[in-house]
Amino acid sequence: MDRLTLRRPDDWHLHLRDGAMLAAVLPDTAAVMGRGIAMPNLVPPVRTTAEAAAYRERILAARPAGSDFTPLMTAYLTDDTDPDDLAAGFETGVLTAVKLYPAGATTNSASGVTDIDALTPVLERMSELGMPLLVHGEVTDAHVDIFDREAVFIEQILAPLVVRHPRLKVVLEHVTTAEAVAFVREHAPQVAATVTPQHLLANRNDLLVGGVKPHYYCLPVLKRARHQQALVDAVCSGHPAFFLGTDSAPHAVGRKESACGCAGCYTAPVALQLYAEVFDANDALDKLEGFASLNGPAFYGLPPNNDHVTLVRRPGSRVPDRLDVDGLTDGVQPFLAGRPLAWQIAENAPHASEMS
Ligand code: DOR
Ligand code: ZN
């Protein structure tokens with residue numbers, strides 16, 4: 001198969017940032033994705049319905065001319081989140097979901113949750129509303145090894161949480177381990193998961209062998225090859241609980257290539273092409289549309305997009321080397337910058353009526 005037309009995909013986990021960075025990165029996502037779940041870890045975070053509505057306006061204003069990309073907004077859960085505010089945001093269509101960052105787990109998570117048990121009233125309200133909880137699934141305890149933090153979170157926090165709140169819809173974001181895959185399979189359809197391109201294409205050897213590669217550094221950190229394989233098997237199986245979420249997370253080059261480099265891979269310009277490589281390499285191209293375009297909307301109770309994109313297997317394109325950002329001397333370096341791509345996105349996707 002050298003040509004593949006699929007319903008327009010959505011990105012169910014996306015960092016769009018704000019200001020000049022938002023203006024620079026949004027066109028890369030809007031060129032391919034119909035909708036994107038906009039992560040709320042700005043500085044300061046997007047905590048309330050009012051803040052999410054204002055951020056939504058800034059994203060809409062940054063769209064390229066003619067784009068109808070739709071941002072889906074999230075609120076950042078804190079120890080002080082007001083359940084009435086979340087309910088109002090969800091019922092008026094401003095908020096799509098709520099994001100749980102354990103305090104200190106990752107970029108801009110300092111105002112995150114310190115005691116999940118204290119949030120029972122909020123989670124009960126979300127269960128009643130059918131409002132999904134999106135989880136950064138890592139414990140932050142200093143004594144837990146960074147490579148174990150996802151598995152320990154699942155065992156100690158997430159497993160009891162889904163038992164305590166059996167009607168709460170949960171997305172375990174950017175899964176990285178065989179333990180996460182097993183947990184999602186066991187608890188679907190209550191629990192689903194997003195999977196990033198970097199966790200499908202790389203493992204911790206890519207990050208660490210032959211020198212530290214800061215552009216492979218993200219959180220949760222890449223794991224060993226056995227876990228990478230579990231993720232590939234999960235998405236290529238076509239299981240409906242796994243769907244596309246790039247976790248595209250731009251940082252200035254100087255913030256990545258640093259003695260204390262930031263976590264995050266900027267994948268937006270080439271995410272769909274990279275996912276296509278993974279499915280292709282595993283003879284599972286027939287499962288790509290479900291993963292990219294159908295499973296996410298089904299979990300969120302939304303219709304799939306009506307239009308289509310076409311991927312073509314054609315050599316000759318490469319991951320861009322750099323994205324310019326106003327006011328940044330060094331810009332942003334995409335994940336796998338300069339590497340050849342096996343798949344390209346055709347300029348003019350056919351309309352549904354033209355498809356056989
Ligand atoms: O690698 C990451 N980057 N993981 C996250 O959880 C946050 C993200 C960011 O905001 O840069
Ligand atoms: Zn993220």
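Pop out the carbon and sulfur fraction of the accessible area of the chain as a percent, whole number, probe 1.4 Å. Heavy-atom surface of the chain belonging to carbon and sulfur, 1.4 Å probe: 51 percent. To the nearest 20 debye, what is the magnitude of the charge dipole of the chain about its Cα centre, counting +1 on the Cβ of each Lys and Arg and -1 on the Cβ of each Asp and Glu? Dipole size: approximately 740 debye. If you take all other residues with their beta carbon under 14 Å from the beta carbon of Gly130, and give Lys and Arg +1 and Asp and Glu -1, the sum is 0.
Can you list the trypsin sites (Lys or Arg not before Pro) in the range 132-212 that are in a DSSP coil and have 13 or fewer other beta carbons within 10 angstrom? Walk me through the numbers on the way to the answer.
Working: sites: Arg149, Arg164, Arg167, Lys169, Arg185, Arg204; in loops: Arg167, Lys169.
Those satisfying the criteria are Arg167.
Largest to smallest in accessible area, the residues Ser237, Ser109 fall in the order Ser237, Ser109 (1.4 Å probe, all protein chains included). Spin-label pair Arg322-Asp286: with each label point 7 Å from Cα along the Cα-Cβ axis, the two points sit 4.5 nm from one another.
Expressed in units of 2.2 N^0.38 Å, where N is the residue count, the Cα radius of gyration of the chain is 0.93. Taking all Cα pairs closer than 8 Å and separated by 6 or more residues, the relative contact order of the range 9-304 comes to 17 percent. At a probe radius of 1.4 angstrom, the accessible area of the range 9-304 per residue rounds to 36 square angstrom.
With every protein chain in place and a 1.4 angstrom probe, the accessible-area ranking of Arg8, Arg322, largest first, reads Arg322, Arg8.
The values are calculated or read from the model by the stated rules, or taken from the named source; none is laboratory data. All values derive from a computational prediction rather than experimental measurement. Because the Cβ atoms are built from the backbone with ideal geometry, glycine has one as well, and the counts that use them run over all protein chains shown. Keep in mind that these areas ignore ligands, DNA and RNA; they rest on the heavy atoms of the full protein, side chains included. Shrake-Rupley method; radii C 1.70, N 1.55, O 1.52, S 1.80 Å.
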